[in-house]
1. Taking every alpha carbon pair in segment 79-187, what does the distance histogram look like in 5 angstrom bins from 0, in percent?
2. Evaluate the charge dipole of segment 16-115 about its Cα centre and quote only its size in Debye, nearest 20, assuming +1 on the Cβ of each Lys and Arg and -1 on the Cβ of each Asp and Glu.
3. State the antiparallel share, in %, of DSSP beta bridges confined to segment 49-125, rounding to the nearest 5.
4. If eta is 1.567 mPa s and T is 4 °C, what Stokes-Einstein diffusion coefficient results for the chain, Kirkwood Rh from Cα pairs, in µm²/s?
5. What are the semi-axes of the equivalent ellipsoid of segment 146-203, taken as the square roots of 5 times the eigenvalues of the Cα gyration tensor, listed largest first and rounded to whole Å?
6. Please report the relative contact order for the chain, taking Cα pairs under 8 Å with a sequence separation of at least 6, and give it as a percent rounded to a whole number.
7. Hey, what number do you get for the chain at 222 nm if only DSSP H runs of n ≥ 4 count, each worth -39500 (n - 2.57), divided across all residues, to the nearest 500?
8. Given the Cα-Cα distance of Thr87 and Ser56 and 0.36 nm per residue of separation, how much length would full extension add, in nm?
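Only the coordinates and a few stated rules stand behind these numbers; no lab work does. Source: prediction; values computed, not measured. Every residue, glycine as well, gets a Cβ built from its backbone with ideal geometry; the counts of neighbours run over all protein chains shown.
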Amino acid sequence: MDHSHRQITALPLSLQTVMPWKNGGGSTREIWKVEDADGILWRASIATIHQSGPFSLFSGCDRIITLIDGPPVTLDFEDGETLTLETFAPRSFSCDRPVSAAIAGTSHDLNLIWRRDAVSVAHQVQAVKGETPLTLPPAHWHLVVVCDGAVGVAAGGMTETLATGEALLFGPTPKAQSLDLTFSTANGVVLTFGMTERSELTP
């Protein structure tokens, strides 16, 4: 597919805003956020968790969280469920559910939060060794985040090398489109997201 007319935004660490948590237990580095008149559509960020404590609630939203470094994190939900975050293994849950994190050391966790009535999300973890082509399914926005290593990302004649925690945003596009990428590095991991507005999915 021709990507020459697709908007591409590089999101280096220097452009990402760090915000401390109100409870003092960590901080959030915001990679990108999209909002509409009703509030957040989706937000990608990396959380640094220094100590055990509760997560913030986001009414009407869902979350994908992926541990990218540090010890495993245990999520204890108020309803009795327990989840364990392990490296590069995404876990999903509703942001309406009260939950606390229990940790044994500092961790960094990639989060994507989206408003479930407005957006659908697809995600994929991709290990990269050498040149690795990947086609992402149609979406209005595609976000590529490097979780480990320094990774070259090529699309539509453009090549960008991203360090851990850096990202590339493709879109938005008027219609959902697929995206052809080629990753290159000796050894790395990327996490890709595709966000599609539900208005296009509903007849």
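1. 2, 9, 18, 20, 19, 14, 10, 6, 2, 0
2. Working: 8 positive and 13 negative charges, 54 e Å.
The dipole magnitude comes to about 260 debye.
3. Values: 23 of 24 bridges.
Just about 95 percent of them are antiparallel.
4. Numbers: Rh = 17.4 Å.
Value of D from the Cα-based Kirkwood radius: 74 µm²/s.
5. Numbers: eigenvalues 138, 31, 15 Å².
Over the Cα atoms of segment 146-203, the semi-axes work out to 26, 12, 9 Å.
6. On the way: 527 pairs, mean separation 47.0, N = 203.
After rounding, I find 23 percent.
7. Details: 1 runs with 4 residues, N = 203.
About -500 deg cm²/dmol.
8. Values: separation 31, 0.36 × 31 = 11.16 nm, distance 2.18 nm.
Result for the pair: 9.0 nm of gain on full extension.
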